[in-house]
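Inspection log for the structure reproduced underneath, given as structure tokens.
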Amino acid sequence: MLIAAAVCPHPPMLVPEAAAGAAEELDPLREACGTALAALRAAGADRTVVVGGGADTADRGADPPASLRPYGVPVDLGPAGPAGTELPLSLTIGRWLLERAFPGPAPDRYQEVAADAAPEECLRLGAELVASAERVALLVMGDGTACRGSRSPGYYDERAEPYDTAVAAALAAANPRKLARLSPSVGAELGAEGRAAWQVLAGAALAGGADAFSGRLLFDEAPYGVGYFVAAWRG
């Protein structure tokens, strides 16, 4: 069953070397991620799984290849692998957080979930992940909408802020039902890359009882026109 979860975003600029001269701008975000990961470790889980969006839904194992080279940082994480087998950005940043930014015990599994996975598929995957051990913790990697303003990667969209506000409220209240109701089509239109991973979290939480968790929202801003959230859930 799920006993704890941490939610973090995955911008490459979270890595100071990738942010270069703008590295200090995201110091509050890094600090919030550290707080969430400390709470996750303090829960004392038997099994920890990192969940993040990508091209496919696949169990990537406990020690998959990952690299920050595509983002301008000459750092490889994990073993070398054939070209094209590296973790997607979401899980790569998750691995960097756990190994380099806030070192601690290695997770037991990296789980990729297809960015276009249907909510029902995400909920089912979440339930399966927490059935693997008595005390499971999840690190859930996901960005909010990418249409929050003039600095955003996408065009400004007036729907983006309400969408992110709903996500932030659900994370703050540890409300998996609200996460489960997020629209995949609207999320895709707004560039919300975390939608599928958040719904995996929802499935994991619902499997153990929707009212069993308390939540803390540690960060909720859109510094570059993209919604970034950090939250900690505890059962």
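A few comments on the model shown:
- Cβ pairs under 6 Å, 6+ apart, first in segment 74-92 and small (Gly, Ala, Ser), second open to solvent by 30 Å² or more (accessible area, probe 1.4 Å) and assigned to a loop (DSSP other than H, G, I, E, B): Gly78/Asp63
- Helices (runs of 4 or more DSSP H) completely within segment 1-111 that count 1 or more residues being farther than 22 Å from Asp220 by Cα and either in contact with a helix residue (DSSP H, G or I) (Cβ under 7 Å, 6 or more places away or on another chain) or modelled with pLDDT under 95 (or both): 16-19
- Ala66 being in contact with a Lys or Arg (Cβ under 7 Å, 6 or more places away or on another chain), open to solvent by less than 30 Å² (accessible area, probe 1.4 Å) and free of Cβ contacts under 8 Å to residues at least 40 places away in the same chain: yes
- Looking across segment 130-150, the residues that are over 22 Å from Gly209 (Cα atoms) and open to solvent by 30 Å² or more (accessible area, probe 1.4 Å) come down to Arg148, Ser150.
- The conditions of being buried (at least 22 other Cβ atoms within 10 Å of the Cβ), in contact (Cβ under 8 Å) with a residue 60 or more places away in the chain and not aromatic (Phe, Trp, Tyr) are met by Gly52.
- Residue within segment 18-27 that is in contact with a Phe, Trp or Tyr (Cβ under 9 Å, 6 or more places away or on another chain) and crowded, with 21+ Cβ neighbours inside 10 Å present: yes
- Arg148 vs. criteria under 24 Å from Ala32 (Cβ atoms) and not in a helix (DSSP H, G or I): yes
- Residue check, Tyr110 farther than 15 Å from Ala5 by Cβ, open to solvent by 20 Å² or more (accessible area, probe 1.4 Å) and of a type in the set (Phe, Trp, Tyr): no
- Scan of segment 165-218 for residues that are open to solvent by 10 Å² or more (accessible area, probe 1.4 Å) and among the β-branched types (Val, Ile, Thr), ordered by number: Thr165, Val186
- Considering residues of segment 116-129 that are open to solvent by 30 Å² or more (accessible area, probe 1.4 Å) and part of a loop (DSSP other than H, G, I, E, B) only, the residue nearest to Leu179 (Cα to Cα): Ala118
- Test for Ala133: is it assigned to a loop (DSSP other than H, G, I, E, B), of a type outside the set (Phe, Trp, Tyr) and free of Cβ contacts under 8 Å to residues at least 24 places away in the same chain: no
- Output for segment 168-181, where each listed residue is assigned to a helix (DSSP H, G or I) and farther than 17 Å from Pro223 by Cα: Ala169, Ala170, Leu171, Ala172, Pro176, Arg177, Lys178, Leu179, Ala180
- Output for segment 38-72, where each listed residue is more than 20 Å from Ala101 (Cβ to Cβ), among the small types (Gly, Ala, Ser) and more than 16 Å from the chain's Cα centre (by Cα): Gly44, Gly61
The values are calculated or read from the model by the stated rules, or taken from the named source; none is laboratory data. Note that the structure is a prediction, hence the values are computed from the model and not measured. Don't worry about glycine lacking a Cβ; one is built from the backbone with ideal geometry, like all the others, and counts go over all protein chains shown. Accessible surface is based on the protein model in full, side chains and every heavy atom, while ligands, DNA and RNA are left aside. Shrake-Rupley method; radii C 1.70, N 1.55, O 1.52, S 1.80 Å.
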